[in-house]
Amino acid sequence: MRRTWRGQKYKLYTYFKEIGGEQDPTKAKSLRHEEGRVLDDRTGQIETWRTMHFNPEIGWTGPDLQDLYDCMLELRSQNTPEDMSDKDILEHVLGCHSVRLKGWARSPTIDTQTDIPDSTNGRPTYTELCAELTAMKNRLHEVEGSLDECRQVLRGQGYMPPPSSGLVSDQSSGPAS
């Protein structure tokens, strides 16, 4: 992937130098390379992923890659780049482990790390943890109540002995006092 992107960047940079873009950047903006793409075209990380997994001579390099690519294109057509970036689409389709594309910078963020609430980084907030703890305690009390009912039914039918005192006796030392 890195080699593909590096080659593309090099091609565009040499074209930029040939047309005199270093001396006149406005000229470089007006004379687009034939392989250069406009921003509303299907460019970016999704197309970089496609170039890595699609060979024009043999087709897709894996069995399900065509379906994954179609799913990516469908998500791209349904969402604007502001709503769902290429990286977000790759994460959604491929999973988080597959989205590190070398040569691409991190997704631009406006908020700093201190501006982001704790729940957005994957960790629950203190109030969320307290609510979950309360729910678990309530669930525990319900289960303990159901267990006591089961024990009473079993004792009533003679399948379970009545509760003993809390003292444990050692048979070799005699009865508990």
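Could you tell me whether Arg50 is at pLDDT below 70 and not hydrophobic (A, V, I, L, M, F, W, C)? First the steps, then the outcome.
Working: at pLDDT below 70: no; not hydrophobic (A, V, I, L, M, F, W, C): yes.
Criteria not met by Arg50.
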Which one of these is surrounded by 10 or more Cβ atoms within 10 Å (Cβ to Cβ), more than 23 Å from Tyr10 (Cβ to Cβ) and at pLDDT 80 or above: Asp64, Asp70?
Asp70
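Is it the case that some residue within segment 22-33 is touching a Cys at 6+ places or on another chain (Cβ under 9 Å) and modelled with pLDDT of 65 or more?
To start, the set of residues in segment 22-33 that are touching a Cys at 6+ places or on another chain (Cβ under 9 Å) comprises none.
Scanning segment 22-33, I find no residue that is touching a Cys at 6+ places or on another chain (Cβ under 9 Å) and modelled with pLDDT of 65 or more, so the answer is no.
Only residues that are aliphatic (A, V, I, L, M) and without any contact (Cβ under 8 Å) to a residue 12 or more places away in the chain: list them for segment 56-74, please.
Looking only at segment 56-74, we keep the residues that are aliphatic (A, V, I, L, M), and these are 58, 65, 68, 72-73.
Selection gives Ile58 alone.
The values are calculated or read from the model by the stated rules, or taken from the named source; none is laboratory data. Keep in mind that what you see is a predicted model, and the values were worked out from it rather than measured. Positions of Cβ are backbone-derived with ideal geometry, glycine not excepted, and every protein chain shown enters the neighbour counts.
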